[in-house]
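Structure, as structure tokens:
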Amino acid sequence: MQKLFYAHTSPLPPPLTHAHLWAGLQRKMRSPQDFVPAITACTVERDDAGRGIVTREVSLAGRVVREECRTYGRSWVEFVRGDGSVVRNVISGGEGEGQVYLTFEFEVEGEGEEEMRKLKEMARMAVEKTIETVGVMVRDGRIVA
């Protein structure tokens, strides 16, 4: 088995901001099932907010996966699984005033063109679903920034 690497980026639609997205990623660390339909449950085992580290177990596609989530500034969250897979959710800016982008970077076990095709589609859907969910949470008041 080899490693597959892929990243997908999408812009944040106005009026969403970096602060909204960062608050959403903080929620995603602790309640991922609100953002990832394939995750059906999450148990937070350790939450060290001062250091930006959350250790959790998630029920994903019928199996339990242990993850350590770490924040890096207000720029990205890294999710490291016990099998060595790494997913990063990165917030970045663009050239225009107020431009904000969300990128998901994947480093996962797999091989072949079919698995890469599935990873690309999953990455696109994951970014879009996260942006959509943050937007809903801003509109309904669960995220205030």
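The values are calculated or read from the model by the stated rules, or taken from the named source; none is laboratory data. Since the model is a prediction, treat every value here as computed from it, not as a measurement. When we count neighbours, we look across all protein chains shown, and the Cβ atoms used for this are built from the backbone with ideal geometry, even at glycine.
In the set 36, 44, only one residue is at pLDDT below 95 and within 18 Å of residue 80 (Cβ to Cβ); that residue is 36. Can you pull out every residue in region 10-40 that is hydrophobic (A, V, I, L, M, F, W, C) and within 12 Å of residue 145 (Cα to Cα)? 16, 19, 21, 22, 23, listed by residue number. Condition first: surrounded by 15 or more Cβ atoms within 10 Å (Cβ to Cβ), farther than 20 Å from residue 141 by Cβ, touching a residue at least 12 places away in the same chain (Cβ under 8 Å) and hydrophobic (A, V, I, L, M, F, W, C). Can you find one or more residues in region 2-16 that meet it? Looking through region 2-16, at least one residue is surrounded by 15 or more Cβ atoms within 10 Å (Cβ to Cβ), farther than 20 Å from residue 141 by Cβ, touching a residue at least 12 places away in the same chain (Cβ under 8 Å) and hydrophobic (A, V, I, L, M, F, W, C). Per the conditions (1) within 14 Å of the chain's Cα centre (by Cα); (2) exposed (fewer than 15 other Cβ atoms within 10 Å of the Cβ); (3) farther than 18 Å from residue 19 by Cα; (4) not small (Gly, Ala, Ser), the sole criterion not satisfied by residue 67 is (2). Restricting attention to region 29-45, the residues being among the small types (Gly, Ala, Ser) and within 13 Å of residue 69 (Cα to Cα) number 1.
Which residues, counting only those in region 82-103, are assigned to a strand (DSSP E or B) and modelled with pLDDT under 95? Listed by number, the list holds a single entry, 93. Might you check whether a residue that is of a type in the set (Ser, Thr, Tyr) and part of a strand (DSSP E or B) occurs anywhere in region 130-139? No, region 130-139 contains no residue that is of a type in the set (Ser, Thr, Tyr) and part of a strand (DSSP E or B).
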